[in-house]
1. If a residue has to be free of Cβ contacts under 8 Å to residues at least 60 places away in the same chain and either away from the ligand (no atom under 16 Å from the Cβ) or surrounded by fewer than 23 Cβ atoms within 10 Å (Cβ to Cβ) (or both) to count, how many in region 364-377 make the cut?
2. Going by the structure shown, is ASP557 assigned to a loop (DSSP other than H, G, I, E, B), modelled with pLDDT of 95 or more and open to solvent by 70 Å² or more (accessible area, probe 1.4 Å)?
3. If you check every pair at least six apart or on different chains, which have Cβ atoms under 8 Å apart with a residue in region 340-354 that is β-branched (Val, Ile, Thr) first and a residue that is within 9 Å of the ligand (Cβ to nearest atom) second?
4. What is the residue count in region 37-50 for residues that are over 14 Å from GLN151 (Cβ atoms) and within 19 Å of the chain's Cα centre (by Cα)?
5. Which strands (runs of 3 or more DSSP E) does region 155-254 wholly contain that include 3 or more residues that are touching a residue at least 60 places away in the same chain (Cβ under 8 Å)?
6. Which helices (runs of 4 or more DSSP H) does region 259-363 wholly contain that include 2 or more residues that are touching a helix residue (DSSP H, G or I) at 6+ places or on another chain (Cβ under 8 Å) and more than 16 Å from the ligand (Cβ to nearest atom)?
7. Quick test of your reading of the structure: LEU617 fulfils all but one of (1) away from the ligand (no atom under 15 Å from the Cβ); (2) under 26 Å from ASN740 (Cα atoms); (3) open to solvent by less than 10 Å² (accessible area, probe 1.4 Å). Name the failing condition by number.
8. Would you mind stating whether ASP332 is surrounded by fewer than 23 Cβ atoms within 10 Å (Cβ to Cβ) and either closer than 24 Å to ALA430 by Cα or in contact with a Pro (Cβ under 8 Å, 6 or more places away or on another chain) (or both)?
Amino acid sequence: MKRIFEVQPWNVSTHEFKAEDKRLQESMTSLGNGYMGMRGFFDEDYSGDSLSGIYLGGVWFPDKTRVGWWKNGYPKYFGKVINAVNFIKMNFEINGSKLDLAKDQISDFELNLHMKDAVLTRSFVVTKGDAKVKFNFERLLSVAQKELSVQKVTMENLSNEPVEIKVISAIDANVKNEDANYDERFWEVKDIAAGSIVAETVANDFGTPRFTSGMQANYVTSLQPVGNELTDLETSTTFTGKLSQGEVASFEKRVIVVTSRDYDSQDKLVKAMNDLSKKVSTISYDELLTAHKNIWAQRWEQSDVKIQGDDEAQQGMRFNLFGLFTTYYGDDARLNIGPKGFTGEKYGGATYWDTEAFAVPVYLGITKPEVTRNLLMYRYKQLDGAYVNAKEQGLKGALYPMVTFNGIECHNEWEITFEEIHRNGDIAFAIYNYTRYTGDKSYVLNEGSKVLTEISRFWADRVHFSERNNQYMIHGVTGPDEYENNVDNNWNTNYLARWTLEYTLKVLGEVTPEQTKKLNVSDEEKAKWQDIVDRMYLPYDKDLDIFVQHDGFLDKDIQPVSAIPEDQRPINQNWSWDKILRSPYIKQGDVLQVIYDFIDDFTPEQKKSNFDFYEPLTVHESSLSPAIYSVVAADLHYEKKAVELYERTARLDLDNYNNDTVDGLHITSMTGGWIAMVQGFAGMRVHDDVLSYKPFLPQKWQSYSFRQVFRGRVIEVSVDKDGNHLKLISGEPLDIKVNNKTVTLDSLQTN
Ligand code: BGC
């Protein structure tokens with residue numbers, strides 16, 4: 001654990017600048033508006049270690065796979081959202097000497113992410129010889145105008161003598177990805193002019209689309225422009241001014257960023273870029289800021305979570321919601337939620353099962369249903385890619401990818417790509433989850449039934465029948481616990497496969513005759529699916545009364561996590577891969593993930609015996625893990641444990657728990673705080689169309705409250721030492737259950 005930011009309810013700020021924490025600071029001060037995002041790297045060049053990264057949603061490149069020995073079926077490329085042309089760059093000179101925080105003498109440093117308004121500020125005083133200048137930076141990516149980036153800098157002369165200030169503001173296409181497989185640059189400049197660049201991604205051999213992005217800057221400043229310079233890859237404009245003692249100069253840079261995702265020709269793209277640039281040049285900074293802030297205020301109004309009595313938990317919760325909102329707010333149905341969002345290169349900015357398993361439960365509760373429906377539609381639209389993946393494995397139906405942009409698998413570790421097929425079941429589960437929560441059957445009975453049918457066709461082909469056991473089995477898989485590879489009969493995978501077939505059969509009984517015709521599932525196919533449902537092998541141990549994670553798991557040397565010496569954790573940074581695979585340690589919820597998904601379908605005894613067995617073996621080295629265990633712990637009234645796990649998920653990045661936040665934030669895990677609080681502490685469930693709660697208050701908290709969107713209503717749930725208070729903020733009255741008692745929610749309710 002490492003904490004480098006102060007604990008404040010609405011801010012992530014520090015007054016210390018330490019070069020060794022630079023990447024960590026950059027990750028934690030990332031900004032985004034769903035359309036684009038960036039790490040909190042400095043506007044000006046910094047000669048020390050840094051990971052500068054700006055990413056444009058949906059703009060990616062297929063980087064040719066690099067592996068030792070090629071195996072048939074390997075994805076040909078590793079798709080990654082690429083580092084965009086750097087449009088925020090601006091360098092400063094004071095009396096001819098370049099500002100560089102890695103070398104300069106600075107004081108009064110402050111870096112401050114204002115979560116309420118989604119604005120990043122930075123200030124410091126720099127001394128260069130006799131010159132002393134106070135710099136103040138502000139930065140935002142507008143949610144009112146998605147293509148707009150705004151930077152404002154003020155420079156105040158604190159010295160007794162006049163100082164010469166120079167600002168060189170640039171758009172720079174000389175950028176690379178740190179994780180590029182062949183160290184190539186992915187951008188090719190098409191057009192460069194004073195203040196603008198149009199660049200296209202380089203050609204690829206895989207037939208995936210190339211993207212063009214255009215960036216145009218304009219300026220509002222008290223300094224004087226003195227000229228432009230163009231190189232092959234960079235356009236820059238220089239401004240100068242002499243500041244007398246106490247004088248303040250201000251410099252605003254507004255950049256419009258457009259991409260070929262929204263325009264089908266370069267001409268249209270350039271026209272849009274010019275028009276938008278002209279439009280924003282006439283609006284004052286304060287107006288741009290206010291429009292942006294107002295939208296953020298509405299978002300917080302609908303979904304803020306308040307915690308009293310625990311400032312750390314409060315800050316963690318807001319930071320998580322902030323991370324989610326900056327990544328995805330459902331505005332563009334073609335986009336999805338990458339595990340690192342716009343905050344780093346790892347995981348390539350692509351779509352994972354994280355969306356269905358971890359993001360869907362939260363987006364259902366904090367945004368309107370259309371947002372989640374769009375996430376489901378995203379998979380429907382990628383069915384063609386999913387057919388390709390199944391075919392690559394010699395199988396029928398659809399295999400959704402572990403990692404993708406277009407439906408085609410684009411990750412190249414065989415134990416993940418080939419084997420981690422539980423994802424197909426998780427994607428089916430999300431359809432059920434959406435329908436259960438919203439009551440809206442329009443997706444499942446139409447597009448959803450197609451997705452379910454094709455996933456079922458895959459499962460029916462992927463299982464094999466074991467004559468000896470008279471049961472169906474699934475061999476050679478990796479479950480969600482990636483610390484076990486190539487196992488047989490992973491309980492999670494077998495359970496999800498069986499459940500998907502059963503659910504699909506049920507849905508097929510409800511679709512219209514036209515849809516039945518389109519789906520074209522024969523009676524023979526249905527009978528086969530039913531047989532698999534009836535005879536699927538699900539490993540179970542009678543003595544321990546637990547579902548066994550996979551065949552052979554119980555033959556391991558079962559020692560609790562507490563037996564691992566502290567200095568050897570996290571094990572993935574200290575042990576060989578081989579040692580990890582042989583160990584009994586579980587990376588993340590596997591059996592417990594399914595128990596969480598179907599929490600009302602298991603008896604309290606089943607939940608208890610499985611939790612008591614698996615929790616002591618779980619290292620939670622996937623950030624996706626603790627929240628899931630927290631919900632099951634809360635369900636079992638293990639309140640202390642539920643809170644301990646919540647704390648781990650809620651401040652995972654702020655406290656750098658897994659020692660890897662330098663790579664970027666764990667955006668999809670930022671759902672964990674909400675999941676643990678709402679489904680865990682408040683015990684929120686939806687069962688048979690009834691919304692219910694069984695809340696408890698963590699001992700050290702005075703109160704917590706959250707707002708939840710449910711079937712056209714906004715409901716506020718507050719829990720304090722006096723009990724639970726439920727309030728209908730908007731929408732029609734509703735019957736709900738609180739601690740098993742039915743109450744009608746039509747005005748202020750107190751239990
Ligand atoms: C987890 C996966 C997850 C991926 C991206 C891995 O560490 O084990 O379950 O999909 O990260 O978040």
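1. The number of residues fulfilling the criteria is 3.
2. Details: assigned to a loop (DSSP other than H, G, I, E, B): yes; modelled with pLDDT of 95 or more: yes; open to solvent by 70 Å² or more (accessible area, probe 1.4 Å): yes.
Here the answer is yes, as ASP557 does meet what is asked.
3. Between residues of region 340-354 that are β-branched (Val, Ile, Thr) and residues that are within 9 Å of the ligand (Cβ to nearest atom), the close pairs are THR343/ILE667; THR351/GLY338; THR351/VAL403.
4. From region 37-50, those over 14 Å from GLN151 (Cβ atoms) are 37, 39, 45-50; that's our starting set.
Going one step further and asking which of them are within 19 Å of the chain's Cα centre (by Cα), we end up with 37, 39.
Counting residues in region 37-50 that are over 14 Å from GLN151 (Cβ atoms) and within 19 Å of the chain's Cα centre (by Cα) gives 2.
5. Details: elements: 163-172, 187-193, 196-201, 212-221, 224-230, 234-243.
Ranges flagged: 163-172, 187-193, 196-201, 212-221, 234-243.
6. On the way: elements: 266-281, 285-303, 311-327.
In region 259-363, 285-303, 311-327 are the helices (runs of 4 or more DSSP H) which contain 2 or more residues that are touching a helix residue (DSSP H, G or I) at 6+ places or on another chain (Cβ under 8 Å) and more than 16 Å from the ligand (Cβ to nearest atom).
7. Just one mismatch for LEU617, condition (2).
8. Numbers: surrounded by fewer than 23 Cβ atoms within 10 Å (Cβ to Cβ): yes; either closer than 24 Å to ALA430 by Cα or in contact with a Pro (Cβ under 8 Å, 6 or more places away or on another chain) (or both): yes.
When the stated conditions are applied, ASP332 passes them.
The values are calculated or read from the model by the stated rules, or taken from the named source; none is laboratory data. The structure presented is a predicted model; accordingly, all values stated were derived computationally and were not measured. Counting neighbours? That spans all protein chains shown, and the Cβs are built from the backbone with ideal geometry, glycine included. Each accessible area value is taken on the protein alone, full model and side chains, heavy atoms only, with ligands, DNA and RNA left out. Shrake-Rupley method; radii C 1.70, N 1.55, O 1.52, S 1.80 Å.
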